[in-house]
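Single-structure report; data block below.
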Amino acid sequence: MEKREVGRTGLKIDVLGLGGAPLGGNFADLDYAQAAELVRAAREAGIGYFDTAPWYGFGRSERVIGDMLRGHDYILSDKVGRLLRPGAVENPMDFGMIDPLPFTVVYDYGYDGIMRAYEDDLQRLGLDRIDILLAHDIGEMQHGPENARHFADLAEGGYRAMDELRRSGAVRAIGLGVNENKVCLDALGIGDWDVFLLAGRYTLLEQTPLSELFPACREAGTTIICGGPFNSGILVGRATWNYAKAPAEVVDRARALGSAADDFGVPLPAAALQFPLGHDLVTSVIPGPRSKAELDQILDWFGTAIPAEFWQALRSRGLLAEDAPLPG
């Protein structure tokens with residue numbers, strides 16, 4: 001599988017990785033055996049890059065990924081910014097989780113919190129190495145007015161902790177794992193980041209980072225991992241977008257994309273997977289399949305040949321930004 005470099009680190013990752021949110025039961029009902037089967041199948045298919053976080057099932061995703069990667073070659077990204085404390089939440093589905101482990105979350109983006117979260121990640125994984133460390137879900141989209149305090153913690157201490165881990169060789173790359181453009185732009189002002197895992201913002205449906213974020217990333221030497229290439233499901237026929245019911249204008253745009261795909265005999269999800277990699281700042285796309293069957297379908301979509309005329313048609317119909325690079 002093709003690999004691309006993360007920032008200027010020399011670390012190369014697969015252009016198709018495995019997102020680990022469903023493995024923790026986030027908006028997905030699967031047990032340990034099903035999650036383990038999914039990771040094993042990804043490995044056997046040649047996928048070597050995996051992403052997880054404490055948030056995914058309050059540790060469930062980390063546990064199964066660690067178990068299935070132990071003793072094998074891998075590249076792994078994991079996240080900091082949330083600490084897990086004993087005590088089950090009363091209504092897990094308030095967080096979109098099915099059967100999480102009995103913990104609650106405490107946000108801490110300060111120096112000590114980041115160091116503690118990194119060590120906790122390794123313990124839950126049962127691994128001695130995390131390759132890419134990401135500050136998770138910082139930004140106003142997640143925290144609202146509280147974000148000012150959290151971002152100050154990151155700027156005044158958390159970044160220093162992450163940079164120390166990078167400089168010591170404990171991790172090879174650092175960045176953010178977020179769903180919004182603005183906090184990435186803000187973060188470029190407080191440190192030297194290798195990569196942003198940006199979910200749902202550079203997709204077939206939306207290309208908002210092109211105007212400001214991507215030019216700033218290019219100048220800084222920061223690359224992009226695209227999470228959520230299906231925009232929470234709307235590009236694979238589900239009714240969800242940004243983890244909630246899709247508004248009418250999003251549904252209409254997805255239908256227009258689907259109509260264009262039908263005209264060329266292209267599966268819309270195949271186009272959604274392949275489109276982000278047309279941009280040279282994008283190092284990887286990481287969908288989050290909920291079963292081995294979904295993984296098999298993703299692999300088929302990823303290998304689907306898509307004619308250049310299709311991409312040109314999307315642009316001519318006003319369904320892609322004029323300055324969006326086209327695959328191929």
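The values are calculated or read from the model by the stated rules, or taken from the named source; none is laboratory data. Given the structure is predicted, the values throughout are model-derived calculations rather than measurements. We place every Cβ from the backbone using ideal geometry, glycine too, and count neighbours over all the protein chains shown. Surface areas here come from the heavy atoms of the whole protein model, side chains and all, with no ligands, DNA or RNA. Shrake-Rupley method; radii C 1.70, N 1.55, O 1.52, S 1.80 Å.
Values for this structure:
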item: Test: Asn231 is of a type in the set (S, T, N, Q), within 20 Å of the chain's Cα centre (by Cα) and open to solvent by 40 Å² or more (accessible area, probe 1.4 Å); result: no
item: Filter pass, Met141 being over 16 Å from Gly25 (Cα atoms) and at pLDDT below 95; result: yes
item: Leading residue by the ranking (least open to solvent (accessible area, probe 1.4 Å)) among those in region 95-129 that are closer than 26 Å to Ala244 by Cα and not in a loop (DSSP other than H, G, I, E, B); result: Met97
item: Residue pairs meeting the criteria (Cβ under 7 Å; at least 6 apart or on separate chains; first touching a residue at least 24 places away in the same chain (Cβ under 8 Å) and farther than 19 Å from Asp296 by Cα, in region 9-26; second polar (S, T, N, Q) and open to solvent by less than 10 Å² (accessible area, probe 1.4 Å)); result: Ile13/Thr283; Ile13/Ser284; Gly24/Ser61
item: Per-region count, region 33-58, residues within 19 Å of Ala199 (Cβ to Cβ) and among the polar types (S, T, N, Q); result: 1
item: Count of region 1-49 residues which are within 19 Å of the chain's Cα centre (by Cα) and among the basic types (Lys, Arg); result: 4
item: Check on Ala308, open to solvent by 40 Å² or more (accessible area, probe 1.4 Å) and modelled with pLDDT of 95 or more; result: yes
item: Tally of residues being open to solvent by less than 10 Å² (accessible area, probe 1.4 Å) and not in a strand (DSSP E or B) across region 8-17; result: 3
item: Check on Leu299, modelled with pLDDT of 95 or more, under 26 Å from Ala45 (Cβ atoms) and open to solvent by less than 40 Å² (accessible area, probe 1.4 Å); result: no
item: Check on Ala155, of a type in the set (A, V, I, L, M, F, W, C) and assigned to a helix (DSSP H, G or I); result: yes
item: Options Asp73, Asp78, Asp67: the member that is of a type in the set (Asp, Glu), out of contact with any His (no Cβ under 8 Å at 6 or more places or on another chain) and in a strand (DSSP E or B); result: Asp78
item: Residues satisfying the stated conditions in region 181-240, i.e. of a type in the set (Lys, Arg) and either touching a strand residue (DSSP E or B) at 6+ places or on another chain (Cβ under 6 Å) or without any contact (Cβ under 8 Å) to a residue 12 or more places away in the chain (or both); result: Arg238
item: Failed criterion for Arg172 (all others in (1) more than 23 Å from Trp55 (Cα to Cα); (2) within 20 Å of the chain's Cα centre (by Cα); (3) open to solvent by 40 Å² or more (accessible area, probe 1.4 Å); (4) modelled with pLDDT of 95 or more hold); result: (1)
